[in-house]
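Step one of this worksheet: look at the structure below.
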C-alpha cells in the first residue's frame, strides 16, 4: 500500500505545491539563458520607447515620464513571462510530462498553485533586471524595505494571476498553434488597455471602463506606489490588492477544474 | 481521507483491477465498448490490439485520466470515479509518451515524484537511491534527462512510477521505439518489480514477442471490445497446433485493416518513438 505522510494535510499540500514550483525553478537554473534573453525587451521599452515618448507633452505633464513608465514596463515584463506558462503547459501535455502530474495524488489546485508560485519567482527575477535598468537610467527608485516588500507582494501576485489565466486559456485551446494566436490577442489588449504606458486620464471613456476591468491596471497602480521614491497609488493599495487576490483565487478555481481536461 | 483509513478492504485474492461494462464514447465513436475484465494480483497482464482498438482509452480510464461514459471499474479495490485519489495513490503509471522531464536531471525527476506522492522526507533519499539502483541509473542520476538514451528514459520513468510503492503498475507500450538491448532491459525491470515487489502489472503492446515473453495473460481488443482473454499458450493452441501469437492476432483482428487512430495518434506514436529511440 502506498504510504501516507504522517504529518498533516496542510504540510502535504504545501509539499506538493513546492514540488511543482521547485521543478520549474530547477529548470531555470539549468538554463539561465532564458533570464538574460528576457531582459532585452524591458530594456528596449525603457531606453528607446521611454526616451522618445518622454518628449511628448501630454504624457509628461507634471511628472517625469520615465519614472511613470518604469513600473508599467516592470508589470509588462512580468505579464509576458507569466503568459508563457500556457504554452509550456501545452508543450508538457504534448510530450506526456503533464500526465505524470495528473496521475499523482496531488490536488489539482496544488498543481496550478505550484506553477503560479514558480511564475511569481520568475517575475521577481524580472524585477531585479528592471530595477537595474532603472538605476542606470536615473529613475528615482525607492529601496525602502516596506516598499521592497510591497513590490515583492505585487509582482508575485501579478505573475501568479497571469500565469493562471494563461493556463486557463491553454486548457481551452489545447494546441500550440491556437495558443500562439490567442496569446497575442490577449497580451496586447491587456497591456494597452491598462495604465502601463500612459495614464488612464488620457484614455477615451470607453477604454477607461475597460481598463477598470483589467487586472493589469491594479497591478501597475500598486507597483507605481512602491517602486518610486515618491510614488502614489491613484486607485488605493488596499483595493489594488483586493482585486488582484480575488481575481487570482477565481482563476485558480477555474484552472484547477479545467486542468484535468488536458490529460484526456 | 485520514491516513491509513481504508474505504474498501482489498485482500490478496480480490482482483487488482476489475471493470464491468466500462465504456467511453467520443461523440459518435465508441472507443471502449462495455469492457468487463479482471486482472489478478501479481499478474503481468497485456492488452493487445491494433491502433484505435481502445487500449489506450481503457488505460486512461483506469488511471483516472479520463472519466468513463458508462460502466464501472475498481482499481486496487477503489472505485475509479468516487475514489480517484485513492486509485492514484495505489498505482504507478508510465505513459506511452515521454513523461520524464528532459530539462531536469534523473535525480530531480525522482525528487519531483517523491514530493508529489508526499513520501516522508526522511525516506526520500533512500527510496530514490533504491529506485536508481534497481533501474541501473545510479551513475547517471545527475545528468540532464535530455542527454539520456531512450532505454534509460524508460527505466527512469519506471523508477518514478514505483517510488511510492504502488500495488499496480500500468504501462502504455513500455518498449515502443527501443532497440533490442534496451527492450530486454525494460522487460527485466518489469519482471524484477513483479518478483521483488509483488506488483500487478498491466501493459499495452503492439509487439507480439513482448506479449508472449512477458505476459501471463492477454486480452485482445478490437473495435473497443475484448475479443478473447487467456494465457499466450492457450490462445495459440486455440488457433492451431503450430500457431504463433502473430497468427492469433491475425485470426481475431481479421485481415481487414482496422480504422487507424488518425493523424493525432500517428503523430504522437511517431514522436514518442523518435524520442525514445
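Read-outs: derived from the displayed coordinates by stated rules, not from any lab. This is a predicted model, so every value here is computed, not measured. We place every Cβ from the backbone using ideal geometry, glycine too, and count neighbours over all the protein chains shown.
Computed over the stretch B:17-276, the convex hull of the alpha-carbon atoms projects to a mean area of 13.8 nm².
With distances taken between every two different alpha-carbon atoms, the stretch B:1-156 has a Kirkwood hydrodynamic radius of 17.7 Å. Rounded to the nearest 0.05, what FRET efficiency is calculated for residue A:35 and residue B:188 with R0 set to 56 Å and r the Cβ-Cβ distance? According to the calculation, E is roughly 0.85.
With R₀ set to 41 Å, the beta-carbon distance separating residue B:233 from residue B:28 gives a calculated FRET efficiency near 0.60.
In the stretch A:1-138, the ratio of gyration radius to Kirkwood radius, Rg to Rh, stands at 1.13 when only Cα atoms are counted. Select from B:185, B:72, B:243 the residue whose mean-square fluctuation is largest in a Gaussian network model of chain B (Cα-Cα springs shorter than 10 Å). Result for chain B, Cα springs under 10 Å: B:243 fluctuates most.
Each peptide in A:190-203, A:242-255, B:107-120 receives the mean, over its residues, of other Cβ atoms within 10 Å, and ordering these scores from highest gives B:107-120, A:190-203, A:242-255. Taking 18 Å as the cut-off, the amide N atoms of the stretch B:81-111 that come nearer than this to a point 7 Å along the Cα-to-beta-carbon line of residue B:147 belong to B:101-110.
Comparing mean-square fluctuations of B:54, B:71, B:27 from a GNM of chain B with C-alpha springs under 10 Å, the top value falls on B:27. Bridges between two residues of the protein assembly as shown, per DSSP, are antiparallel at a rate of about 55%.
Placing a pseudo-label 7 Å from each Cα along the Cα-to-Cβ vector at residue A:25 and residue A:249 gives an inter-label distance of 2.5 nm. Dividing the summed -39500 (n - 2.57) terms of all DSSP H runs of n ≥ 4 by the residue count of the protein assembly as shown sets its mean residue ellipticity at 222 nm at -18000 deg cm²/dmol. To the nearest ten degrees, helix B:180-197 and the longest principal axis of the Cα atoms of chain B are 80 degrees apart. Mean partner shielding of peptide B:110-123, defined as the number of other chain Cβ atoms within 10 Å of each residue Cβ, is 6. Ranked for footprinting exposure by Cβ neighbours inside 10 Å, fewest first, B:156, B:193 give B:193, B:156.
Normalise the Cα radius of gyration of the stretch B:133-182 by 2.2 N^0.38 Å (N = residues in it) and let me know the number. Its radius of gyration relative to the 2.2 N^0.38 Å reference: 1.17.
Here chain B carries DSSP beta bridges of which approximately 55% are antiparallel, counting only pairs with both residues inside. Computed from the C-beta positions of residue A:174 and residue A:146 and an R0 of 51 Å, the FRET efficiency is 0.75 to the nearest 0.05.
In this label model, residue B:247 and residue B:130 are separated by 4.5 nm, measuring between points 7 Å along each Cα→Cβ vector.
Helix A:108-136 and the longest principal axis of the Cα set of chain A meet at an angle near 30°. Separation of the stretch A:210-264 and the stretch B:105-146, taken as the distance between their Cα centroids, equals 37 angstrom. Against the main long axis of the alpha-carbon atoms of chain A, helix A:9-30 sits at an angle near 60°.
Considering every residue in A:22-35, what mean count of other chain Cβ atoms within 10 Å of its Cβ is obtained?
3
Computed over chain B with a Gaussian network model linking Cα atoms closer than 10 Å, the most mobile of B:68, B:174, B:241 is B:241.
For the protein assembly as shown, the alpha carbon convex hull comes to 161 Å³ per residue, rounded to a whole number.
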